[in-house]
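Taking it in order: structure first as structure tokens, then the write-up.
The values are calculated or read from the model by the stated rules, or taken from the named source; none is laboratory data. All of these numbers come straight from a predicted model, not from anything done at the bench. In case anyone asks, the SASA skips ligands and DNA or RNA and just uses the protein heavy atoms, side chains included. Shrake-Rupley method; radii C 1.70, N 1.55, O 1.52, S 1.80 Å.
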Amino acid sequence: MRVFLPSTLPALARALQTGQLNEAGQLSKAGQLSDRSVPGFAVTPALREAYASGNEEELEYAALTEAARASLRLLAADPAAPPRRVVLAAELAADQVRWDPLDGEPARVTIGVIPLASLASAHIDDPEAAADVRGAIEALAAADAGEEDAKFTVDGAEGHELGWYATQELSYLAE
């Protein structure tokens, strides 16, 4: 099962230096994901129901999009971070993923400890997306309050496709 984990560039850089990934998008010194619950996004039964006509690729894209939006929240909490959404993709066994059917977000899951070898790739905004991502970060609070223009601004960041990077390329990105 593919799980998408929101992160940021500074968190990814710390992860590569320390070997620790926690609920804020970092990697553990033991070379695995945190022993605490880490939020992620995946194709769940509720997501399948919400997108009844979607094929597996479309459903995974919906989960990736939700993780990218969660990355915006991490960026809002770290104003010094470069305005580039980061989503890590991990391949996990279904028993490593917990889903709450009562959660209001149909793609949200939690995971526990997994080996870093389970990380399949990273999806990162191109630098050209920075202005739209920055605008989306600034509009988050108003969008959460229901302001339509702010929601449109937040959705605007989704217009930028996240670039795909193999895990071997991540150290070059962090530099």
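The table below gives the values:
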quantity	calculated
Long-range amide H partners of residue 86 with built H, under 5 Å	7
Sequence-separation-based contact order of region 64-119, relative, with Cα cut under 8 Å and 6+ spacing, percent	31
Residue 109 long-range amide H proximity, modeled H, under 5 Å	40, 41, 42
Difference of contour (0.36 nm per residue) and Cα-Cα distance, residue 152 to residue 110	12.3 nm
Residue-wise HN-Hα coupling along region 134-150, computed from phi with Karplus coefficients 6.51, -1.76, 1.60 (Hz; x: Gly, Pro)	4, x, 5, 4, 5, 8, 3, 4, 5, 5, 4, 7, x, 5, 5, 4, 5
Derived scalar couplings ³J(HN,Hα) [region 65-71; Karplus, 6.51 cos²θ - 1.76 cosθ + 1.60; whole Hz; x for Gly, Pro]	4, 5, 5, 5, 5, 5, 4
Accessible-area composition of region 55-175, carbon plus sulfur, in percent [1.4 Å probe]	53
Under the Karplus curve 6.51 cos²θ - 1.76 cosθ + 1.60, θ = phi - 60°, whole-Hz ³J(HN,Hα) for region 82-95, x wherever Gly or Pro sits	x, x, 9, 5, 10, 10, 8, 10, 10, 9, 10, 6, 4, 6
Of every Cα-Cα pair in region 59-138, the percent that sits beyond 22 Å	33
